[in-house]
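Colleague: Dropping the structure in here first, questions after.
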Amino acid sequence: MSKLKIAIQKSGRLSEKSLELLKECGIKFPNGGGKLIAESKNFPIEVLFLRDDDVTKYVEQQVADIGIIGENVYLEANLEVNVLEYLGFGGCRLSLAVSKEVDYQGIEYFEGKKIATSYPFVLEKYLKEKGVKASIEFISGSVEIAPSIGLANGVCDIVSSGSTLMSNGLKEVEKVLDSQAILISNKALDKEKQLLLEKLLFRIKSVLNAKERKYILLNAPNDKLEQIISILPGMKSPTILPLADQGWSSLHSVIQEDQFWEIIDELKALGAEGILVAPIEKMIY
Ligand SMILES: Nc1ncnc2c1ncn2[C@@H]1O[C@H](COP(=O)(O)OP(=O)(O)OP(=O)(O)O)[C@@H](O)[C@H]1O
Ligand SMILES: O=P(O)(O)OC[C@H]1O[C@H](OP(=O)(O)OP(=O)(O)O)[C@H](O)[C@@H]1O
Ligand SMILES: [Mg+2]
């Protein structure tokens, strides 16, 4: 029987979340033991643990069928693979930064300068779009150190909290791109693997849908139900059950997590009481 091979980062920023996603999809693996390949006990899938730089290449060459990788690394690799899903973790940005002493006025600053980066392809494309000619110094890690050791005038690297830049006396001046973890696949999977992938994707989508949403329960006076329903978009329409108290109902629905705080005051003003908001584990449309 056919088996899907998924490449994920062995150890680093994306490792734990990638494995967690597979677990949330109900896919079980035997406990680690430092192995570089693990086979699931309950889904036809094998995990290859790789350096993140190698994931895109191996998916393109069909050493792995699918992979989880930062969009930044995928764009830099510039290889022919399909992007299937944005996974909602590993959020960061690729930015240009210069010494905090620099009186930075705009992208023209970089004209004729040297920029250190692990992302030469993405950076070159960005500078070309901006009409700036700079020389790019490839460096595979610890990029933020480059200006202080006289290697470059600026850097182009991953930023999240900004604390690495700050502790190296740098400031972020331009955002080149936003990134998050993505699921990629080889472009020529056979039919059997395609079917397995569809099964996995269905599970991943159910997990991601659930993460963005909350289950909400509340009690409301019957004469306000219509107004409350109008500000509570559910999956279809909310479930309404009569309470033992005459004139009151219990209402159940699903809302976007980020909408909750916006509508809570409106719900209260309409007389909603006993509002409960609970996480959803899986959500299937
Ligand atoms: N500070 C951060 N916050 C959130 N996501 C990040 C951060 N830094 C990097 N990432 C994302 O996680 C990916 C992996 O980052 P990590 O630092 O673990 O890579 P690495 O050191 O190149 O790992 P490897 O040893 O596998 O080559 C990055 O390509 C990026 O998409
Ligand atoms: O803005 P911040 O929150 O400080 O994050 C940015 C830093 O995080 C990543 O490195 P990481 O810490 O993963 O170490 P690495 O360079 O060894 O991969 C990235 O390469 C930056 O250096
Ligand atoms: Mg790497």
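Colleague: Enter the angle in degrees (range 0 to 90, nearest 10) between the Cα long axis of helix 120-130 and the first principal axis of the Cα atoms of the chain, meaning the one along which they spread out most.
Modeller: 80 degrees
Colleague: Just to be sure I understand the curve: with the Debye formula and one point per C-alpha of the stretch 14-89, what is log10 I(q)/I(0) at q = 0.22 Å⁻¹?
Modeller: -1.13
Colleague: Placing +1 at every Lys and Arg Cβ and -1 at every Asp and Glu Cβ, with all other atoms neutral, what dipole size does the chain have around its Cα centre, in debye to the nearest 20? Mind dumping the intermediate values first?
Modeller: Numbers: 34 positive and 40 negative charges, 178 e Å.
About 860 debye.
Colleague: Would you mind working out the magnitude of the charge dipole of the stretch 213-279 relative to its Cα centre, with +1 at each Lys and Arg C-beta and -1 at each Asp and Glu C-beta, to the nearest 20 Debye? It would help to have the intermediate numbers written out before the result.
Modeller: On the way: 5 positive and 9 negative charges, 48 e Å.
For this selection, approximately 240 debye.
Colleague: Output the antiparallel fraction of DSSP beta bridges having both residues in the chain, as a percent to the nearest 5.
Modeller: Details: 44 of 59 bridges.
Around 75 percent antiparallel, to the nearest 5.
Colleague: Among Leu241, Ser2, Gly274, whose Cα sits farthest toward the positive end of the charge dipole of the chain (+1 at Cβ of Lys/Arg, -1 at Cβ of Asp/Glu, about the Cα centre)?
Modeller: Ser2
Colleague: Continuing with the same structure: Mind pulling the angle between the C-alpha long axis of helix 191-212 and the longest principal axis of the chain? Nearest 10 degrees, somewhere in 0 to 90.
Modeller: With rounding to tens, the tilt is 70 degrees.
Colleague: Compute the long axis of helix 15-24 from its Cα atoms, compare it with the longest principal axis of the Cα atoms of the chain, and write down the angle in degrees, 0 to 90, nearest 10.
Modeller: The helix 15-24 is inclined about 30 degrees to the chain.
Colleague: Please state the shape class of the chain: rounded when a/c is under 1.5, otherwise prolate if a/b exceeds b/c and oblate if not, all from the C-alpha gyration tensor.
Modeller: Numbers: a/c = 2.83, a/b = 1.47, b/c = 1.93.
Oblate, since a/c reaches 1.5 and b/c is not below a/b.
Computed from the coordinates by the stated procedures, all read-outs in this text should not be read as laboratory data. Remember, predicted model here, so these are calculated numbers, not experimental data. In this analysis, Cβ positions are derived from the backbone assuming ideal geometry, glycine residues included, and neighbour counts consider all displayed protein chains.
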